[in-house]
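Novice: My questions will all concern the structure given below.
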Amino acid sequence: MGAHAQAHDHHDHDHKPTGIKRWLFTTNHKDIGSMYLWFAFAMFLLGGFMALMIRAELFQPGLQFFEPNFFNQMTTVHGLIMVFGAVMPAFTGLANWMIPLMIGAPDMALPRMNNWSFWILPFAFALLVLSLFMEGGGPNFGWTFYAPLSTTYGPPSTDFFIFSVHIMGLSSIMGAINVIVTVMNMRAPGMTLMKMPLFVWTWLITAFLLIMVMPVLAGAVTMMLTDRHFGTDFFNAAGGGDPVLFQHVFWFFGHPEVYIMILPSFGIASAIIPAFARKPLFGYSSMVYATASIAFLSFVVWAHHMFTTGMPLAGELFFMYATMLIAVPTGVKIFNWVATMWEGSMTFEAPMLFAIAFVVLFTIGGFSGVMLAMAPVDFQYHDTYFVVAHFHYVLFPGAIFGTIAAAYYWLPKWTGHMYHEGLAKWHFWLSIIFVNLTFFPMHFSGLAGMQRRVPDYNIMFADFNMLSTIGAFGLGIVQLLFLYIVVKCIKGGEKAPAKPWEGAHGLEWTVPSPAPYHTFSTPPKVTDENAHS
């Protein structure tokens, strides 16, 4: 009887629905995490395809393939898809998969809301992408949708864009509430806040950022809507409004948004680097406080995007110094990662390679960020390819490499198989070559004065653009190798043990690989071995 009960319990434990209903109605954090990750990857390929169309047009001076209006639509939708469709859902997918496993919770706290927050996303992006086929074309005003480009001069599809942004924001807020409630209420006994893995900490802080800034974005697009259709003049100077007000509102959302897209990567690097250096993370507490400091400072630097709008000298000085201050907690993090690696017994599997590349290239992006923060010289760089180089160095090696590192690190736990290490290293080395070939020349073309968001340019920039285009196509093609590696790993391969990485710590490695459909029905015992004290 006892054995039968155990077998029955085991059956219930691993029971999972099948067919399409499993995915439509699932409330399981692992299923929802997987759907977020696949959705993000599909959006990454779509946004990447648009980037390749942009780069093909810029391969040489003159108009080659597209009309300027279509080029503008591609730059706009590429940015929106990468920010809201690829990076943010990828991090939410990782949060769904890993946070309950890391804190010893059986699931997310609000599972039905979790299902909703995912399933409204495909509708939001279907609206956005289909608007490209409407009369007048899709949104063509850049991902920052400045007024009056998006109000007075926006195409009819702008209304669909506004609705789409509302749905994306709603999804993000629901996801963030879920993370906060889960982390605050469902940690296993003994898992105190200062024993949580850094990935959980960075996501908890990210979730608070999301809840604070997404309503600001909703306010901005709602004011756009009322300016377009209901006779208001928030951003219309002729009616007593101010277009610069839009920039203030947008960047009050936009700068914390930049950190929303990078903080979870800090957590990922803080999990991977100690595992492959076989040393505890150096300065755990300072990492937590540095993350919180970065989040706080992100709210008081928004106007460094607007130096050229003509703000008072005192304003320029405040925003310049406040921005430079962010380099301090960021420097603490970089120092701690390097100190963790110092004299460690390091090995260089694919997750570690991507994590180290993240640290190095993100630092380069940080340096150009400090250059852009200097008000006197920002007038030279503003709206040039130097800015494009800066934020792509932060976002591609930061957010994308961070996500790829996480995928390689946790793939054995997700699939129960080891990925092909040789192919993964090819993926890494080709990515590192092409990402630099794509974005590094943009520093030079930008410093020489090449404007961004233009389909044609002076012949003096031809060589830099040719190199960037070759790099972009290489970078795009190499990501198909990543898709192949992941699919191959899901289908089979060497069986993964519960803890495939010798130096890894944490509760996620105490469950079998692949992780059972239901985990931690009984709260686990938190020890120093599986907590980050």
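Novice: So how far, in whole Å, is the C-alpha centre of region 198-235 from the one of region 99-167?
Specialist: Rounded to whole Å, the Cα centres lie 12 Å apart.
Novice: Between Val328 and Ala42, what FRET efficiency comes out of the Förster formula 1/(1 + (r/R0)^6) with R0 = 45 Å and r the beta carbon distance, rounded to 0.05? Display every interim value, and only then the final one.
Specialist: Values: r = 38 Å, r/R0 = 0.85.
For Ala42 and Val328, the calculated efficiency is 0.75.
Novice: May I ask you to list the aspartates and glutamates whose Cα is less than 18 Å away from that of Lys425, ignoring any residue fewer than eight positions away on the same chain?
Specialist: Partners within reach: Glu349, Glu494.
Novice: Then there is this: Over region 221-377, how many percent of alpha carbon pairs lie in each 10 Å bin up to the one with the longest distance?
Specialist: The calculated distribution, bin by bin, is 10, 31, 26, 18, 10, 4, 1.
Novice: Can you give me the distance in nm between label points at Leu130 and Ile470, each placed 7 Å from the Cα along the Cα-to-Cβ direction?
Specialist: It is 4.2 nm.
Novice: Evaluate E = 1/(1 + (r/R0)^6) for Ile120 and Leu317, where r is the Cβ-Cβ distance and R0 equals 35 Å; express this FRET efficiency to the nearest 0.05. Could you put the intermediate results ahead of the total?
Specialist: On the way: r = 43 Å, r/R0 = 1.23.
Between Ile120 and Leu317 the formula returns 0.20.
Novice: Counting pairwise Cα distances across region 58-215, what percent come out greater than 23 angstrom?
Specialist: On the way: 5845 of 12403 pairs.
When all Cα pairs of region 58-215 are counted, 47 percent exceed 23 Å.
Novice: Chymotrypsin sites (Phe, Trp or Tyr not before Pro) within region 211-300: which are DSSP loop residues with at most 13 other Cβ atoms inside 10 Å?
Specialist: Working: sites: Phe230, Phe234, Phe235, Phe246, Phe250, Trp251, Phe252, Phe253, Tyr259, Phe266, Phe276, Phe282, Tyr284, Tyr289, Phe296, Phe299; in loops: Phe230, Phe234, Phe235, Phe282, Phe299.
Sites meeting the loop and neighbour criteria: Phe230.
Novice: Also, I was wondering about something else. Carbon and sulfur atoms: what percent of the 1.4 Å accessible area of region 311-360 do they account for?
Specialist: Carbon and sulfur atoms account for 80 percent of the accessible area of region 311-360.
Novice: Which order do the peptides 380-393, 55-68 take when ranked by the mean count of other beta-carbon atoms within 10 Å per residue, highest first? Don't skip to the answer; put the middle values down first.
Specialist: Details: 380-393: 20.9, 55-68: 15.1.
Ranked from most to least packed, the peptides come out as 380-393, 55-68.
Novice: At 222 nm, what helix-only mean residue ellipticity would the chain give, in deg cm²/dmol to the nearest 500, using -39500 (n - 2.57) for each DSSP H run of four or more? List each step's numbers first, then the result.
Specialist: On the way: 20 runs with 345 residues, N = 533.
One gets -22000 deg cm²/dmol as the mean residue ellipticity at 222 nm.
Novice: Next question. Just the number please: accessible area per residue for the chain, 1.4 Å probe, all protein chains included, in Å².
Specialist: Values: 21420 Å² over 533 residues.
Roughly 40 Å² per residue, with all protein chains present.
Novice: Rounded to the nearest 0.05, what FRET efficiency is calculated for Ser285 and Val454 with R0 set to 51 Å and r the Cβ-Cβ distance? Each step should come with its number before you reach the end.
Specialist: Details: r = 47 Å, r/R0 = 0.93.
For Ser285 and Val454, the calculated efficiency is 0.60.
Novice: Here's another thing I want to ask about it. Rounded to the nearest Å, what's the spacing between the alpha carbon centres of region 495-512 and region 366-440? Just the number, please.
Specialist: The two parts, judged by their Cα centres, are 27 Å apart.
The values are calculated or read from the model by the stated rules, or taken from the named source; none is laboratory data. All figures in this text were calculated on a predicted structure; none of them were measured in a lab. Backbone-built Cβ (ideal geometry, glycine too); neighbour counts: all protein chains shown. Each accessible area value is taken on the protein alone, full model and side chains, heavy atoms only, with ligands, DNA and RNA left out. Shrake-Rupley method; radii C 1.70, N 1.55, O 1.52, S 1.80 Å.
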